[in-house]
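Working notes, structure below.
The values are calculated or read from the model by the stated rules, or taken from the named source; none is laboratory data. All values reported here derive from a predicted model rather than from experimental measurement. Cβ coordinates were reconstructed from backbone atoms using ideal geometry, including for glycine residues, and neighbour counts include every protein chain displayed.
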Amino acid sequence: MKIGQLAKRINSPVETIRYWEKEGLLPEPKRSDGNYRVYTDAHLERLLFVRNCRTLDMSLNEIRELLRLWDRPQEDCGEVNELIDSHTRHVVAQIDALRSLEAQLRELRQRCTNSRAVENCGIIEGLTTGSLPCGSTTGTHMQKASCQSSSPVPQRSR
């Protein structure tokens, strides 16, 4: 099958298939007499696997590792379990960071509960002066930097 047909079957753009092929997630297909790529059901199966991994927010390196293991079907699946456990810990850390971010945004929102002029808005002031609410240490790198900064940010001139 040609790349357009393959893209329809896996419900992904042609560019994505080309990118995954370039990244080594898909073996290079044979070429037709007209120099078109000719994909097989094996390509389709592998692309569905890659797409499903991406749906689970796995990195290309994690997918490469899973494909390496998939290509050795007789080996023990302990490494697969370890990779999934590691990815799960990463997802939990992301969830914790997002919860912290949500709490910080809600706290920032509480700085301006009434309608008033923007120049008197507590949210704008917090964003301008850098006096953002500091949550847990699992925040984003930008949030951590603003919470750890000891130098005052100059007031905006009006």
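Restricted to segment 54-90, and to residues there that are closer than 26 Å to Thr16 by Cβ and among the polar types (S, T, N, Q), the residue that is farthest from the chain's Cα centre (by Cα) is Ser86.
Residue by residue, here is whether (1) under 22 Å from Met1 (Cβ atoms); (2) in contact with a Leu (Cβ under 6 Å, 6 or more places away or on another chain); (3) modelled with pLDDT of 95 or more holds:
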| position | (1), (2), (3) |
| --- | --- |
| Arg31 | yes, no, no |
| Pro73 | no, no, no |
| Arg89 | no, no, yes |
| Ile95 | no, no, yes |
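Entry remark, segment 9-31: residues being assigned to a helix (DSSP H, G or I) and either in contact with a strand residue (DSSP E or B) (Cβ under 6 Å, 6 or more places away or on another chain) or closer than 12 Å to Leu47 by Cβ (or both) number 9 in total. The condition (being in the same structural domain as Leu25 (by TED's automatic domain parsing), surrounded by 10 or more Cβ atoms within 10 Å (Cβ to Cβ) and assigned to a helix (DSSP H, G or I)) is satisfied by just one residue among Arg68, Arg99: Arg68.
State which residue is surrounded by the most Cβ atoms within 10 Å (Cβ to Cβ) when the search covers only segment 1-17 and only residues that are basic (Lys, Arg) and either under 18 Å from Thr55 (Cα atoms) or at pLDDT 95 or above (or both).
Restricting to residues being basic (Lys, Arg) and either under 18 Å from Thr55 (Cα atoms) or at pLDDT 95 or above (or both), the top hit is Arg9.
Pairing residues of segment 112-139 that are at pLDDT 85 or above with residues that are exposed (fewer than 13 other Cβ atoms within 10 Å of the Cβ) and basic (Lys, Arg), at Cβ distances under 6 Å and at least 6 apart in sequence or on separate chains, gives Thr128/Arg156. Taking Glu107, is it loosely packed, with under 13 Cβ neighbours inside 10 Å and either without any contact (Cβ under 8 Å) to a residue 40 or more places away in the chain or under 30 Å from Leu132 (Cβ atoms) (or both)? Here the answer is no, as Glu107 does not meet what is asked. Each residue in segment 35-65 was checked for being assigned to a helix (DSSP H, G or I) and either over 28 Å from Ile95 (Cβ atoms) or among the hydroxyl-bearing types (Ser, Thr, Tyr) (or both), and 8 of them qualify.
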